Structures are given as structure tokens and as C-alpha cells.
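Let me give you the structure first, and then I'll get to my questions.
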Amino acid sequence: MIKYNKLFVLGFLLACSACSVDEAPYDKKTADDLLGTQTGLEAATAGNYEMMKNWVADWHILHEFAGDNVSVSGTTTDNLFYTYTYQRLPNNERTTSYWTNSYKVIVGANKVIDAIRQQDSMANAQLLAENYYLRALMHLQLVDIFGRPYNQGRDNPGVPIKLDVDAFNHPKRATVGEVYDQVEQDLLKAVDLFTTEKENVYASKEACWALLSRLYLYEEQNDKSIDYANRVINSGNYSLLPTEELAGYATIQPERNKETIFAIKFKPNVDYPDNGWGTIGSLYATILGSGWGEMYASRPYLELVREYPEDVRNNFIEPVVEKENVLWAIYVDGQSTYKWKIVTKQGDDYVYVENGKSVVLDKKADGHGGYHYFISLDGEAKRVLIDKQLAVRNGFPKYYILKCSGQEGQAHLWSPVVSRLAEMYLNRAEANAKLGNDAEALEDVNVLRKRAGIPNTGLYQVSNLKGKSVLDVVLDERRLELAYEGHRKMDVFRNKQHLDRHFPGAHLLGSNPIREVSYQDKAVVEFIPESQVLLQEGLTQNP
């Protein structure tokens with residue numbers, strides 16, 4: 001048992017690089033005895049990309065479900081519920097799987113890096129670069145979950161930095177700053193080694209630049225973040241999808257999407273032969289009879305994205321209509337319960353009947369030719385959303401999320417995006433906002449708002465921020481544009497903001513509702529998997 005335990009500590013499983021992998025696009029098999037050949041090195045690298053398919057669902061859950069864009073409509077036995085409710089478990093299956101699969105990819109990358117170094121073959125510089133990128137990505141995403149944001153202190157505990165292939169070498173936790181330094185070092189090494197232009201489901205020089213832009217933004221090295229965002233934007237290799245194609249972002253084969261910098265490729269009818277049960281998309285929606293569809297767009301996200309009906313990002317959310325001929329005015333009673341009134345439209349007004357009398361919803365001009373509607377409740381005006389009568393689960397109207405489904409016509413096929421061009425504009429905008437370059441920051445925000453179809457009246461100038469700061473505007477746009485892509489939790493806490501969860505969802509059920517999470521809360525950082533802490537001497541647990 002001692003030998004078994006050591007082999008599994010930290011998830012450094014060398015056996016992972018000797019197993020067969022599925023097809024496409026990384027259609028190779030890896031084996032230790034092939035690492036001395038060009039074919040073997042290519043196969044081992046393909047296996048490392050393949051292993052990321054086992055990693056990415058937990059990556060999404062741990063980064064996205066702990067934010068404020070998702071509303072869970074009931075309890076579930078899946079351990080994702082504890083991430084969503086900030087009720088940490090030291091033996092959470094999701095965090096354990098995430099930790100293990102991350103280090104599998106890291107060790108797989110180390111094996112290729114080590115083999116190429118021994119051969120000292122510059123012919124393999126491309127493969128060396130790709131594996132440096134993968135190792136950097138895994139370490140950065142690990143420290144996002146198991147360490148505090150960088151700007152809360154470089155010396156806070158991070159994660160172990162694994163740079164070798166020795167299954168019996170179990171490094172202790174590095175500091176957050178040391179992990180960031182290692183990620184930076186790997187990415188800068190990789191940039192100078194790329195020799196081949198490949199499709200965007202493989203690492204590239206631009207993927208390294210994109211991750212460096214993110215890294216420096218998190219470190220608040222804003223000039224450097226702008227520099228690397230500029231390198232990607234000015235490379236000419238990527239372009240924003242046109243307005244008419246944006247709502248179909250997830251449905252496009254990743255290699256055909258000019259906005260995507262790096263994505264993890266899933267192939268139709270191979271990776272999800274059953275239409276995608278058990279995938280991220282199946283949690284968000286039921287499509288073609290596949291999927292549970294139990295986690296919906298949160299109320300504050302709905303209000304934000306519906307500010308402009310012209311915003312094509314509305315199409316990432318699908319209200320599930322039950323009756324076409326009935327209109328509902330949907331509002332939140334208190335903080336936790338959805339209510340609705342049946343209304344009829346009379347000109348620009350909506351009217352409902354209360355105690356036999358007709359009542360007109362209050363309305364307020366929205367500033368761009370329309371109105372927001374409100375209902376008076378106990379002396380408070382509650383904003384309503386007008387929809388056709390919707391299907392409901394546990395009192396929650398079904399607002400399906402479609403951003404993780406539908407690739408190439410398959411219900412829940414999806415190739416998760418790690419980096420795309422829109423993030424570069426937003427990184428540059430946030431960095432400029434923090435440097436006091438307000439006009440430059442708003443210019444980048446407006447590029448994305450125009451692309452989303454928002455009319456000129458909805459574009460920002462320094463003179464019309466509607467009581468917001470420029471940074472507030474940028475962060476709202478990040479929330480709109482990058483929703484369901486794994487950014488929101490970090491965007492809130494690294495900016496030292498509190499996570500506001502005063503909206504209906506299972507996080508408000510029971511005797512310990514989670515209405516707000518401080519950026520200083522211990523629960524912001526997940527527990528190190530208990531199995532690893534127990535097995536490895538010196539591996540400390542988070543408080």
C-alpha cells in the first residue's frame with residue numbers, strides 16, 4: 001500500500017502517458033518507449049492534449065459555478081453543488097479530479113520536455129514549445145482554484161510546481177508568486193521556440209501571448225498586459241466574428257473560428273456519441289431530448305444582457321416557452337423567489353389584474369427608445385422581465401444557456417475556449433482603466449458592444465457612464481462577453497469585489513443561505529484534496 005500511495009500522491013501518474021487515447025484531433029497513442037523518436041514525441045504530445053478532455057469539465061465547474069452568472073434550480077448529489085454554494089469539502093470529487101487531471105497533463109508535458117532536452121534536438125522545438133504552454137496553463141489554472149488571487153499577496157500558499165517526471169518526487173506547495181513566476185518563465189520560453197503554424201486546437205505563439213496578457217493583468221502589471229494583448233490583436237491571425245455569427249460561437253468547428261486563439265477540441269460522434277449526456281452543456285439545457293437542463297442564467301445576468309434587445313448575446317440564453325399566447329411579467333419576490341403576473345400589452349404598457357382591478361406596470365425609459373418595467377411590491381419597485389409563459393422547475397423559470405452546446409449540429413458537443421480575441425480587447429481595456437487611460441479603455445469596450453449589435457446610444461463615452469466608473473463598465477462588459485467561459489469568479493475576487501448572490505438559486509436554500517461572498521472569505525480558495533494531504537508529508541491544507 002505504501003508504494004501504491006506514493007505513486008498516486010499529487011496525481012503524478014506516469015502511467016497516463018503510456019495509455020491509448022481517443023481519436024481526433026489528437027489521434028495518436030503515447031508510449032514511453034517511443035519518446036526517443038520523432039513519432040513518439042508527437043504521439044506523446046497528442047496524448048497530453050487528449051488528457052485535457054478529462055480535465056476541462058471540472059475546470060469549467062470550478063471556475064464558473066462559483067460565480068454569479070449561473071442559478072442552480074435545486075439540490076444535486078454531484079459535488080459541483082458544494083462549489084456552487086461555497087460549502088467546501090476536503091474530499092470533493094470535482095476538486096480531486098481537477099487536481100489529478102491537471103498534474104497528469106503536467107507530468108505528460110514534463111516527459112516530452114525532458115526527452116527533447118536529452119536529445120538536444122532543435123527539430124523538436126515546436127513540440128517543446130507546445131508542452132511548455134500546456135504545463136504553464138495547468139499550473140496557472142490550478143493556482144486560480146487552490147490559491148488566493150495574486151494581488152492579495154505573492155507569499156500566500158499556491159500549489160506544488162512539478163517540473164520533472166519522477167513519480168516519487170512530491171514538491172511542497174510553492175507560493176502564489178512562485179507559481180506565477182514559473183508560468184511566466186514557461187510561456188516566455190515557449191514563445192521563442194514555435195516553428196510551425198498549426199490550427200487553433202494546438203498551442204501557438206499567440207496562445208502564449210494571450211495567456212501572458214492574462215497573467216500580467218492578474219498581477220496588475222498593466223503595461224505588460226496591454227503589450228501582450230496588442231501582440232495578439234496586431235498579429236493579424238485572428239478577427240472578431242461578425243455580429244450575425246456571434247450567437248453561434250459554440251456551434252462552429254473550432255478550427256474554422258477565426259476569433260478562437262486556443263480551444264480544446266472535441267469531435268462529433270466520437271467524443272460524445274450519446275449526444276452529450278454528462279457534459280457541461282447538458283447541465284445548462286435540454287436539446288434534442290438530451291440534457292438535464294437544471295442550471296439557468298442568473299437573474300442579474302439576464303437583466304444585464306437584456307439591457308439592449310439588439311444585443312445578439314441575448315441569443316446565448318433561451319427562455320423555454322410553455323404557452324405562446326400568454327405573457328408573464330417575471331420578478332423576484334424578496335431575494336429568493338421568482339413570481340410572475342399574467343399581463344396583456346396595451347400600446348407601450350403592460351397590464352395585469354389584481355383583486356378584479358387592472359393595474360399598469362410602472363415603466364421607465366431605458367435611454368434607447370424603449371422601457372424597463374417594474375411592479376410595486378411592499379413599497380419597492382421590482383424590475384420585471386416580460387416573456388411568454390415559461391416552463392418552470394422548482395419555481396425557477398427555465399432560461400437555458402446555449403453557450404456550451406450545439407457544435408456542428410450535435411446537441412451538447414462543445415470545444416471549450418481557453419483564449420479568444422475578445423478577451424484581448426477586454427484585458428487591454430481593464431489594464432487601461434487601471435492606468436487611468438479612460439478613453440482607450442472605453443474604445444475597446446465599444447468595439448465589442450458594436451460587434452454585439454448594440455446601437456450607438458448604448459456606446460460609452462467618458463461623459464455618459466451613468467454613475468459607473470470606467471473600471472465598472474469594463475468589468476460589466478467582461479461579464480457579458482466572457483460569461484460561461486470560466487472567467488467570472490476570478491474577475492470578481494482579483495478585483496477585490498464581493499460576489500453578490502442576492503438572486504434566486506439553490507444557494508439560498510436551507511438554514512445557511514449564501515447571499516454574499518467576500519473576496520477575503522476563506523471559501524474563495526478550495527481545499528486541497530484530502531487524499532493528497534493525507535498521503536504526502538508536508539502538503540499543507542488551506543485554512
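Looking only at strands (runs of 3 or more DSSP E) that lie completely in the stretch 347-438, which have at least 3 residues being among the acidic types (Asp, Glu) and touching a strand residue (DSSP E or B) at 6+ places or on another chain (Cβ under 6 Å)? Lay out the reasoning, then the answer.
Details: elements: 349-354, 357-360, 362-365, 371-377, 380-390, 399-401, 417-420.
Those strands (runs of 3 or more DSSP E) do not exist here; none qualify.
Has the stretch 254-269 got any residue that is in a loop (DSSP other than H, G, I, E, B), under 19 Å from Lys53 (Cβ atoms) and open to solvent by 60 Å² or more (accessible area, probe 1.4 Å)? Quick ask: steps written out before the conclusion?
Step one: of the stretch 254-269, the residues in a loop (DSSP other than H, G, I, E, B) are 257-259, 264-269.
Then keep just the ones that are under 19 Å from Lys53 (Cβ atoms); that gives 257, 264-269.
If we keep only those that are open to solvent by 60 Å² or more (accessible area, probe 1.4 Å) too, we end up with 267, 269.
Yes.
Quick one: what pairs do we get from the stretch 430-447, first residue more than 15 Å from Asp476 (Cβ to Cβ) and modelled with pLDDT of 95 or more, second open to solvent by 50 Å² or more (accessible area, probe 1.4 Å) and not hydrophobic (A, V, I, L, M, F, W, C), C-beta under 8 Å, 6+ apart or different chains?
Pairs found: Ala431/Asp223; Asn432/Asp438; Asn432/Glu440; Lys434/Glu220; Leu435/Asp223.
Say we look at the stretch 365-419 and pick out the residues that are of a type in the set (Ser, Thr, Tyr) and closer than 21 Å to Gly293 by Cα; which of these is surrounded by the most Cβ atoms within 10 Å (Cβ to Cβ)?
From the stretch 365-419, those of a type in the set (Ser, Thr, Tyr) are 371, 373, 376, 399-400, 405, 415, 419; that's our starting set.
Next cut, closer than 21 Å to Gly293 by Cα only: 399-400, 405, 415.
On the way: Tyr399: 24, Tyr400: 21, Ser405: 28, Ser415: 26.
Step by step, filter the stretch 365-419, then rank; the result is Ser405.
Can you pull out the residues in the stretch 390-422 that are in contact with a Phe, Trp or Tyr (Cβ under 7 Å, 6 or more places away or on another chain) and either of a type in the set (Asp, Glu) or more than 21 Å from Phe503 (Cβ to Cβ) (or both)? Let's see the steps before the verdict.
Kept after step one, since they are in contact with a Phe, Trp or Tyr (Cβ under 7 Å, 6 or more places away or on another chain), are these residues of the stretch 390-422: 390, 395-405, 407, 410, 412-415, 418-419, 421.
Of everything in the stretch 390-422, those that are in contact with a Phe, Trp or Tyr (Cβ under 7 Å, 6 or more places away or on another chain) and either of a type in the set (Asp, Glu) or more than 21 Å from Phe503 (Cβ to Cβ) (or both) turn out to be Ser405, Gln407, Gln410, His412, Leu413, Trp414, Ser415, Val418, Ser419, Leu421.
I'd like to verify a number: residues in the stretch 319-338 that are surrounded by fewer than 17 Cβ atoms within 10 Å (Cβ to Cβ) and either of a type in the set (Lys, Arg) or modelled with pLDDT of 95 or more (or both), how many?
Of the residues in that region, 6 qualify.
Residues are listed down the side, and each one gets a yes or a no for (1) free of Cβ contacts under 8 Å to residues at least 12 places away in the same chain; (2) surrounded by 18 or more Cβ atoms within 10 Å (Cβ to Cβ); (3) assigned to a helix (DSSP H, G or I):
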position: Gly278; (1), (2), (3): yes, no, no
position: Ser282; (1), (2), (3): no, yes, yes
position: Trp292; (1), (2), (3): yes, no, no
position: Tyr296; (1), (2), (3): no, yes, no
position: Pro300; (1), (2), (3): no, no, yes
position: Glu303; (1), (2), (3): no, no, yes
position: Tyr308; (1), (2), (3): no, yes, no
position: Arg313; (1), (2), (3): no, yes, yes
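Could you tell me whether the stretch 446-455 includes any residue that is more than 16 Å from Ile330 (Cα to Cα), open to solvent by less than 20 Å² (accessible area, probe 1.4 Å) and either of a type in the set (Val, Ile, Thr) or in a loop (DSSP other than H, G, I, E, B) (or both)?
yes
Within 17 Å of the chain's Cα centre (by Cα) and in contact (Cβ under 8 Å) with a residue 60 or more places away in the chain, is that true of Ile226?
no
Do you know which of the residues in the stretch 339-353 that are more than 30 Å from Asn512 (Cβ to Cβ) and open to solvent by 70 Å² or more (accessible area, probe 1.4 Å) is modelled with the lowest pLDDT?
So the first thing to find is which residues in the stretch 339-353 are more than 30 Å from Asn512 (Cβ to Cβ), and the list is 341-353.
Right, trim to open to solvent by 70 Å² or more (accessible area, probe 1.4 Å) and you get 342, 344-346, 348, 353.
Details: Ile342: 98, Thr344: 97, Lys345: 96, Gln346: 95, Asp348: 92, Val353: 96.
By that ranking, first place goes to Asp348.
While we're on this one: Give Asp387, Asp362, Asp348 a once-over and let me know the one that is among the charged types (D, E, K, R) and under 34 Å from the mean Cα position of the chain (by Cα).
Numbers: Asp362 fails: under 34 Å from the mean Cα position of the chain (by Cα); Asp348 fails: under 34 Å from the mean Cα position of the chain (by Cα).
After applying the criteria, what remains is Asp387.
Which of (1) assigned to a loop (DSSP other than H, G, I, E, B); (2) more than 17 Å from the chain's Cα centre (by Cα); (3) not aromatic (Phe, Trp, Tyr) is the odd one out, the single condition Val232 does not satisfy?
Of (1) assigned to a loop (DSSP other than H, G, I, E, B); (2) more than 17 Å from the chain's Cα centre (by Cα); (3) not aromatic (Phe, Trp, Tyr), only one is false for Val232: (1).
If you don't mind, there's one more thing I want to ask. Using the structure shown, decide if Val305 is modelled with pLDDT of 95 or more and more than 22 Å from Gly67 (Cα to Cα). Reasoning before the result, please.
Details: modelled with pLDDT of 95 or more: yes; more than 22 Å from Gly67 (Cα to Cα): no.
It is false that Val305 is modelled with pLDDT of 95 or more and more than 22 Å from Gly67 (Cα to Cα).
Does Glu220 count as among the acidic types (Asp, Glu), at positive phi and at pLDDT 95 or above?
On the way: among the acidic types (Asp, Glu): yes; at positive phi: yes; at pLDDT 95 or above: yes.
Against the criterion (among the acidic types (Asp, Glu), at positive phi and at pLDDT 95 or above), Glu220 qualifies.
Separate question: Among the residues of the stretch 75-93, count how many are closer than 16 Å to Ser282 by Cβ and either of a type outside the set (A, V, I, L, M, F, W, C) or modelled with pLDDT of 95 or more (or both).
Here the count works out to 3.
Let me ask another. How many residues does the stretch 511-527 hold that are at pLDDT below 95 and under 17 Å from Asp491 (Cα atoms)?
Number of matching residues: 0.
Among the residues of the stretch 501-532, what is the count of those that are touching a helix residue (DSSP H, G or I) at 6+ places or on another chain (Cβ under 9 Å), free of Cβ contacts under 8 Å to residues at least 60 places away in the same chain and either charged (D, E, K, R) or surrounded by 19 or more Cβ atoms within 10 Å (Cβ to Cβ) (or both)?
Number of matching residues: 0.
Among the residues of the stretch 168-204, write down those that are of a type in the set (Val, Ile, Thr), free of Cβ contacts under 8 Å to residues at least 40 places away in the same chain and surrounded by fewer than 20 Cβ atoms within 10 Å (Cβ to Cβ). Write out each step before concluding.
Residues of the stretch 168-204 that are of a type in the set (Val, Ile, Thr), as a first pass: 175-176, 179, 183, 191, 195-196, 201.
The next check asks that each one be free of Cβ contacts under 8 Å to residues at least 40 places away in the same chain; those that pass are 175-176.
Thr175, the sole residue that qualifies.
The values are calculated or read from the model by the stated rules, or taken from the named source; none is laboratory data. These figures come from a predicted structure and were not determined experimentally. Every residue, glycine as well, gets a Cβ built from its backbone with ideal geometry; the counts of neighbours run over all protein chains shown. Protein only, heavy atoms only, side chains kept; ligands, DNA and RNA dropped before computing areas. Shrake-Rupley method; radii C 1.70, N 1.55, O 1.52, S 1.80 Å.
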